[in-house]
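The values are calculated or read from the model by the stated rules, or taken from the named source; none is laboratory data. Everything numeric here is computed off the predicted structure, so don't read it as measured data. FYI the Cβ positions are ideal-geometry reconstructions off the backbone, even for glycines, and counts take in every protein chain you see. Ligands, DNA and RNA are excluded from the accessible area calculation, which covers all protein heavy atoms including side chains. Shrake-Rupley method; radii C 1.70, N 1.55, O 1.52, S 1.80 Å.
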Amino acid sequence: MFFLSLIEHTLRVPPHLLSLPLNKAIMGELEKLFLDKVIANLGLCISVYDIRSIDGGFIFPGDGASTYTVKFRLIMFRPFVGEIITAKLKESDTNGLRLTLGFFYDIYVPAHLMPNPSQSEPDPENKNQVRWMWEFQGEKYPIDGIDEIRFRVHNVNYPSIPIEQPKESRPFAPMVVTGSLDYDGLGPISWWV
């Protein structure tokens with residue numbers, strides 16, 4: 001789920017930061033650049049782990065900033081296919097569920113990857129949402145926001161940035177995790193106690 005990724009980047013350090021110790025100035029600039037950003041095929045940057053090396057310090061003509069080549073490691077969130085993760089329910093609709101880890105909100109469980117047989121029905125507590133029910137041996141088990149939900153990572157996708165986006169659509173997500181609940185032990189934790 002979490003990985004260390006070694007990155008090499010050419011970094012411009014503005015003149016007003018040159019009074020700080022070099023490591024501190026560069027760490028601040030790296031955090032501004034990478035923290036909470038998705039890097040395609042690497043994942044979501046959680047933190048700058050450490051700085052391995054700093055080379056350069058060139059000042060280009062007409063620019064008062066120093067430019068360094070920095071090697072550093074980032075802590076990245078990138079779940080692997082087949083991994084089992086526990087999340088909370090953010091919202092549900094007739095297309096499926098949207099889950100959250102607290103720091104990552106783009107986890108979707110589509111209707112065809114719900115436990116079989118499942119159906120959605122109007123949520124009696126929230127008229128704008130539906131509640132999914134799994135039927136097993138004549139009993140109905142609800143998928144609601146009370147329990148944490150275990151899911152299996154089905155796919156991790158890095159969609160390309162759209163040129164135009166319809167007004168009604170969800171905000172663009174640079175990394176989307178598709179999950180599945182259609183396996184033993186998956187779903188709300190209370191089902192399996």
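Tabulated results
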quantity	calculated
Span per principal axis, largest first, for the Cα atoms of the chain (Å)	74, 38, 26
His154, His9, ranked by accessible area, largest first (probe 1.4 Å)	His154, His9
Acute angle (nearest 10 degrees) that the helix 22-34 long axis makes with the longest principal axis of the chain, alpha-carbon atoms	40 degrees
Of Lys24/Lys90; Lys37/Lys71; Lys88/Lys127, those spanning more than 28 Å from alpha-carbon to alpha-carbon	Lys24/Lys90
Alpha-carbon centroids, the stretch 21-98 and the stretch 162-193: separation in whole Å	23 Å
Accessible surface ranking that places the most exposed of Phe60, Phe77, Phe103, Phe34 first, with a 1.4 angstrom probe	Phe60, Phe103, Phe34, Phe77
Choice from Gln165, Gln119, Gln129 with maximal GNM fluctuation in the chain (Cα, 10 Å cutoff)	Gln165
Gained length - Asn157 relative to Thr10, 0.36 nm times residue gap less alpha-carbon distance	50.2 nm
Surface per residue (accessible, 1.4 Å probe) for the chain, Å²	59 Å²
FRET efficiency for Thr67 and Asp36, using Cβ-Cβ distance with R0 set to 25 Å, rounded to 0.05	0.55
Whole-percent carbon and sulfur share, accessible surface of the chain, 1.4 Å	53 percent
Sequence of Val81, Val13, Val176 when ordered by accessible area, the most exposed leading, probe 1.4 angstrom	Val81, Val176, Val13
